[in-house]
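A short write-up of the structure that comes next.
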Amino acid sequence: MIEAIPTQFIIIFVGLLAIMAFVGLNAVVLVYLERKVAGFIHRRPGPYEVGPPCFPHGILQPIADGLKLVGKQIFTPKGADSFLFWLAPMISIAPAIVCFIVIPFGPKLQIINTNVGLILILAFTGINVLALCLAGWASQNKYGLIGAARDISQGVAYEIPLLLVVLSVVFMTGTFNLFDIADGQGAWPWQWYIVYQPLAFVLFFICALAETNRNPFDLPEAESELTAGFHTEYSGMAFACFFLAEYAYMVVAACIMAILFLGGFQGPGAPGIWWFLAKVYVLLLIMIWIRWTFPRVRFDQLLNICWKWLIPLAVLNLLITLAVIAL
Amino acid sequence: MAQENQTLTHAYADISYDEPIIDHAPVQKILNICRAMSLWPMTFGLACCAIEMMGFGMARFDSARFGAEVFRPSPRQSDLMIVAGTVNKKLSPLVTMLYEQMPSPKWVIAMGNCAISGGPFVYKNQYGIVEGVDRIIPVDVYVPGCPPRPEGLLEGLFQVQKKITGRRWWPVPETATKSEQW
């Protein structure tokens, strides 16, 4: 019976389970980091007292938050499309988990080594826009609808420079295979692609912030104007799903940045998952730092940044890359 | 004197709630501790007491230490309603609506004298003020003061935590020793 199941399926199944654990653990760590870093930036201790004395500095805070959200009442608002309303959080979280399948965490730690890895990630992260659109549309709420409309225009606009920037790295390496891209870079920082493509790294970082709806581009859930944007009507675990998805997409974006520009699992000494996780967490901390430092941009400014600056710069970067390769 | 039997034009808030799916004492006990340690207040200030509520979240008093700094703008995601200020009759249907929009379990702190009883606005034949927010929604903890200081509101938060879990979690201020303070 067991021999009848192909090995590939078993690998994917076990890998998906491990990834779900990884995503959940990451969300717990990131919630804690976000609140703690916010505290330090505001010159206050942040979560500190929650938990017994053997767990100092409030490290049980995310656990308390998670269990509280599980125990919270969930309901469908009156007039909402209940099928789409409950489908949206699931569509939001599921593609985020699939994205991790092709990411090489270490020289030997990758679930599927495929030569379309980068395309797969870009395709699946695009589905999140649809999920947020459904969430805003189905919840029969004016704030939700405005949030969804903002998310679509922002997501579609920032997808273009993101793809152009990725394309310039792909032209350099000649492959979409994430393992090969990471493997092609050396151990030391001056051998990483960030040295050859510094502009691309900056553009990718800005686009990643916008794609994951982080400050200063968190217009779809702008608290001061839209209550909570697309997830205004979601309570309890449905809300937690959106947050889990947001953190998962942040990790995916940081992983791609680490692989494309910072050498992935390569590092001085022995290459391995420790270098990869260190780079990913440094990038995530920079994202959190930016969130608590900068004010939110206005919506016209957001689109102007994209269409007037990021896309021309990304095209320029791509053309220069092509010219250098051709020479 | 105040109007003892003040009539309001709208009904008392709907306080019905769903029974828990797993009504099992140890599970509820753990969940209650988690609820008490992660009370997310609603971003919602009515009058000058809201300034003290902001102080309660900011650096000097820092409600984040007790897990209560996540001010959620949407009532669907918040657990604690801090009625910080005067509730006038024109606003009272909206306060009731916000209370009803919060998913249970939910708790209410009436902060300041205006929210508790109408405070300085209560006089004979006054026509605009709801004399106590407990006339429109159920209140769990009253924090008196005009306005209460942020540490008073922190004490109110501790009282809500005590009400949820049945025990006090933090040292009482008078008996706190130097080593117990951070």
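Computed from the coordinates by the stated procedures, all read-outs in this text should not be read as laboratory data. Just so we're clear, the structure is a prediction, and the values are computed from it rather than from any experiment. Here Cβ is always computed from backbone atoms with ideal geometry, including for glycine, and neighbour counts include all displayed protein chains.
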Task: CD proxy at 222 nm, helix term only [per DSSP H run n ≥ 4: -39500 (n - 2.57); per residue of chain B; nearest 500] - done: -8500 deg cm²/dmol
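What FRET efficiency do you get for A:Ser224 and A:Lys78 if R0 is 22 Å and r is their Cβ-Cβ distance, rounded to the nearest 0.05?
0.25
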Task: Computed label-point distance, nm, for sites A:Leu25 and A:Ile5 using a 7 Å Cα→Cβ extension - done: 2.2 nm
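Residue by residue through A:34-47, how many Cβ atoms from other chains fall within 10 Å of the Cβ on average? The partial results should precede the final answer.
Working: counts 0, 4, 1, 0, 3, 5, 0, 0, 6, 4, 10, 5, 4, 10.
That works out to 4 on average.
Within 10 Å of each Cβ in peptide A:232-244, how many partner chain Cβ atoms are there on average? Round it to a whole number, please.
Values: counts 5, 5, 3, 10, 3, 0, 2, 5, 1, 0, 0, 1, 0.
That average works out to 3.
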Open item on the list: Run the simple label-point estimate for B:Cys48 and B:Ser104 please: 7 Å along Cα→C-beta, distance reported in nm.
Closed with: 3.7 nm
Open item on the list: Give me the one-decimal nm value for the distance between modelled label points at B:Cys146 and B:Arg167, 7 Å along each residue's Cα-to-Cβ direction.
Closed with: 4.0 nm
- [ ] Return the lysines within reach of A:Lys36: Cα separation strictly under 21 angstrom, same-chain partners fewer than 8 residues apart disregarded; answer none if there are no such residues.
- [x] A:Lys68, A:Lys279
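Using every Cα-Cα pair within region A:274-327, state what percent have a distance larger than 18 Å. Intermediate results must be reported in sequence, preceding the final value.
Numbers: 905 of 1431 pairs.
Everything past 18 Å amounts to 63 percent.
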- [ ] Counting other beta carbons within 10 Å of each Cβ, put B:Ser104, A:Ser82 in order, fewest first.
- [x] A:Ser82, B:Ser104
Open item on the list: Compute, for region A:10-152, the length of the dipole vector about the Cα centre, with Cβ point charges of +1 (Lys, Arg) and -1 (Asp, Glu) only. Units Debye, rounded to 20.
Closed with: 300 debye
TODO: For B:Asn88, list long-range residues whose amide hydrogen, built 1.01 Å from N in the peptide plane, is under 5 Å from its own amide hydrogen.
DONE: B:Val130
Task: Once the Cα gyration tensor of chain B is diagonalised, semi-axes √(5λ) in Å - done: 28, 22, 14
Task: Cα-based shape type of chain A, given that a ≥ b ≥ c are square roots of the gyration tensor eigenvalues and the cut on a/c is 1.5 - done: rounded
- [ ] Let me know the mean shielding of B:33-45 by other chains, meaning the per-residue number of their Cβ atoms within 10 Å of its Cβ.
- [x] 4
Open item on the list: Please compute the contact order of chain B in relative form: average sequence separation of alpha-carbon pairs under 8 Å and at least six residues apart, divided by the residue count, as a percent.
Closed with: 24 percent
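Please work out how many pairs of lysine residues in region B:34-163 are eight or more positions apart (or on different chains) and have Cα atoms closer than 25 angstrom. Please report the intermediate quantities before stating the final value.
Values: B:Lys89/B:Lys106; B:Lys89/B:Lys124; B:Lys90/B:Lys106; B:Lys90/B:Lys124; B:Lys106/B:Lys162; B:Lys106/B:Lys163.
Close lysine pairs found across region B:34-163: 6.
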- [ ] Would you work out if region B:120-170 is rounded, prolate or oblate? Take a ≥ b ≥ c from the square roots of the eigenvalues of the alpha-carbon gyration tensor; rounded if a/c is under 1.5, else prolate when a/b is larger than b/c, oblate otherwise.
- [x] oblate
Open item on the list: Could you give each residue of region A:255-263 its phi-based ³J(HN,Hα) in whole Hz, using Karplus coefficients 6.51, -1.76, 1.60 with θ = phi - 60°, and x for Gly or Pro?
Closed with: 5, 5, 4, 5, 6, 6, 10, 10, x
Open item on the list: Using each residue's phi in region A:233-240, evaluate 6.51 cos²θ - 1.76 cosθ + 1.60 at θ = phi - 60° and report the 3J(HN,Hα) Karplus result to the nearest Hz, with x for Gly and Pro.
Closed with: 8, 8, 10, x, 5, 5, 5, 4
